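Inspection log for the structure reproduced underneath, given as structure tokens.
The values are calculated or read from the model by the stated rules, or taken from the named source; none is laboratory data. Since this is a predicted model, take the numbers as computed values, not measurements. Don't worry about glycine lacking a Cβ; one is built from the backbone with ideal geometry, like all the others, and counts go over all protein chains shown. With ligands, DNA and RNA removed, areas are computed over all heavy atoms of the protein, side chains included. Shrake-Rupley method; radii C 1.70, N 1.55, O 1.52, S 1.80 Å.
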Amino acid sequence: MNIKICLLPGDGIGPEIITQAVRVLEKTATHFTHTIETQTALIGGVAIDAVGEPLPKATIAACQSSDAVLLGAVGGPKWDNIDPAIRPEKGLLGIRKALGLFANLRPAVLFPELVKASYLRPDIVRQGLDIMVVRELTGGAYFGEPRGETIINGERAAFNTMIYAESEIERIVRMACEIAMKRSKRLCSVDKANVLDVSRLWREVTIRTAAEYPDVQLSHMYVDNAAMQLIRDPSQFDVLVTENLFGDILSDEASMLTGSIGMLPSASMGADGPALFEPIHGSAPDIAGQDKANPLATILSVSMLLRYSFGLEAEALAIEKAVQSVLAQGYRTGDIYVGEGTQVGCAAMGSLVVDAIG
Ligand code: NAD
């Protein structure tokens, strides 16, 4: 297979982690006899410096002409005080919009080797964790209209609208069902149907849509309970699907169960066209250029890219197994080092994973 990818290294540690991820991709492709075609484009602060805007048109075109996009991170103190209209983060929002990415897949995986790095008690996470949060990304309160400020009874008031159309719910639930089918076929939909009208529609449409997938075991949970259960007994969950605001909060909560944000990949997907894969962390300006960054979140993003954009399950598993074996041998970057094993830098960690493939 020919794998055509657009690379967006971005700012801070972005170029370092993308370099290691591409090495892993190339090794995997060679091992499974695929060919890789990459092009690199500008996004974020480096794009502002080069051409005066965080998402040049050439970058959108490069992404649209690829099968998938692999992003490092954007932003940093250098661009903190510039015109808000062209902040680096606008590049990220812009590319998600340009590619029509409505689903955010955030796996929270705790490798058993890293149980000590988790903030939870070892008896709760002894077996490790493997949860997939599927968050709706383009609707709900963050985008709903009307929104704004008004005067009520002589004082300022502000409001947003949490609104979902049936079609928006259907497409995200369908995607979550497809993902559940590839995993343990358990799907939990998180809402607040005891209070919110929008959640009642969410639940109704979810039940209707999931009925198309009779093998998927669907359950429902109120968001306040889900927030508690993620801490109390996270291994009860497999795939969670939820709307934008709830998903924003729950996916961050789930990621903290695993200890380090340096370990967590993500995918943003649309109905068709290229999807975007990126680590969940930012550009880590405090460690940029020092060979200290953990490249594993980006390397695991490559694994998601192969699985979800190309259906290459064996290749994705090969990368995940390579990461696990490197961790089992005791190698750690600084962010996941808890006094045992061997501490290594970004490039050395990349080399270890490359060597462990095949
Ligand atoms: P951050 O994720 O960049 O860093 C938070 C902490 O985690 C830092 O101490 C950092 O050193 C550490 N860290 C992050 N990734 C790491 C890795 N791979 N290996 C080891 N340690 C790692 O968040 P922040 O400091 O709040 O933000 C820094 C910049 O990144 C800001 O400009 C912010 O806007 C931007 N940001 C970008 C994205 C993105 O591109 N998707 C996401 C979040 C923040």
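Before moving on, here are some points about what is shown:
- Positions within the range 294-339 being of a type in the set (A, V, I, L, M) and without any contact (Cβ under 8 Å) to a residue 24 or more places away in the chain, in sequence order: Ala316, Leu317
- Unique residue being within 11 Å of the ligand (Cβ to nearest atom), under 27 Å from Glu253 (Cα atoms), open to solvent by less than 10 Å² (accessible area, probe 1.4 Å) and not polar (S, T, N, Q) when the list is Gly72, Gly76, Gly45: Gly72
- Put simply, of Ala58, Ala103 the only residue that is more than 13 Å from the ligand (Cβ to nearest atom), without any contact (Cβ under 8 Å) to a residue 40 or more places away in the chain and either small (Gly, Ala, Ser) or open to solvent by 20 Å² or more (accessible area, probe 1.4 Å) (or both) is Ala58.
- Residue in the range 76-88 that is over 23 Å from Ala284 (Cα atoms) and in contact (Cβ under 8 Å) with a residue 40 or more places away in the chain present: no
- Residue satisfying all of: in the range 24-42; open to solvent by 20 Å² or more (accessible area, probe 1.4 Å) and among the hydrophobic types (A, V, I, L, M, F, W, C); farthest from Gly100 (Cα to Cα) among these: Phe32
- Selection count where residues are assigned to a helix (DSSP H, G or I) and open to solvent by 20 Å² or more (accessible area, probe 1.4 Å), scope the range 278-315: 6
- Residue count, the range 189-235 (criterion: hydroxyl-bearing (Ser, Thr, Tyr), open to solvent by 60 Å² or more (accessible area, probe 1.4 Å) and not in a helix (DSSP H, G or I)): 1
- Long-range neighbours under 7 Å by Cβ, at least six apart or interchain, first residue more than 10 Å from the ligand (Cβ to nearest atom) within the range 273-286, second among the aromatic types (Phe, Trp, Tyr): Ala275/Tyr308
- Looking only at residues in the range 127-138 that are more than 11 Å from Gly247 (Cβ to Cβ) and not hydroxyl-bearing (Ser, Thr, Tyr), the one that is surrounded by the fewest Cβ atoms within 10 Å (Cβ to Cβ) is Gln127.
- Residue satisfying all of: in the range 95-120; within 24 Å of Ser255 (Cβ to Cβ) and of a type in the set (Gly, Ala, Ser); modelled with the highest pLDDT among these: Ala103
- Listed by position, the helices (runs of 4 or more DSSP H) inside the range 42-120 whose residues that are more than 28 Å from Ile172 (Cβ to Cβ) and not acidic (Asp, Glu) number at least 3 are 45-51.
- Within the range 1-33, the set of residues being in contact with a helix residue (DSSP H, G or I) (Cβ under 9 Å, 6 or more places away or on another chain) and not in a helix (DSSP H, G or I) comprises Met1, Ile3, Ile5, Cys6, Leu7, Leu8, Pro9, Gly10, Asp11, Gly12, Ile13, Phe32.
- Taken together, the residues in the range 327-351 that are within 15 Å of the ligand (Cβ to nearest atom) and either modelled with pLDDT under 95 or assigned to a helix (DSSP H, G or I) (or both) amount to 11.
- Considering residues of the range 86-100 that are among the hydrophobic types (A, V, I, L, M, F, W, C) and open to solvent by 10 Å² or more (accessible area, probe 1.4 Å) only, the residue nearest to the ligand (Cβ to nearest atom): Leu92
- Lone unmet requirement of (1) closer than 18 Å to Ile299 by Cβ; (2) out of contact with any Asp or Glu (no Cβ under 9 Å at 6 or more places or on another chain); (3) touching a residue at least 40 places away in the same chain (Cβ under 8 Å); (4) not basic (Lys, Arg) for Phe32: (2)
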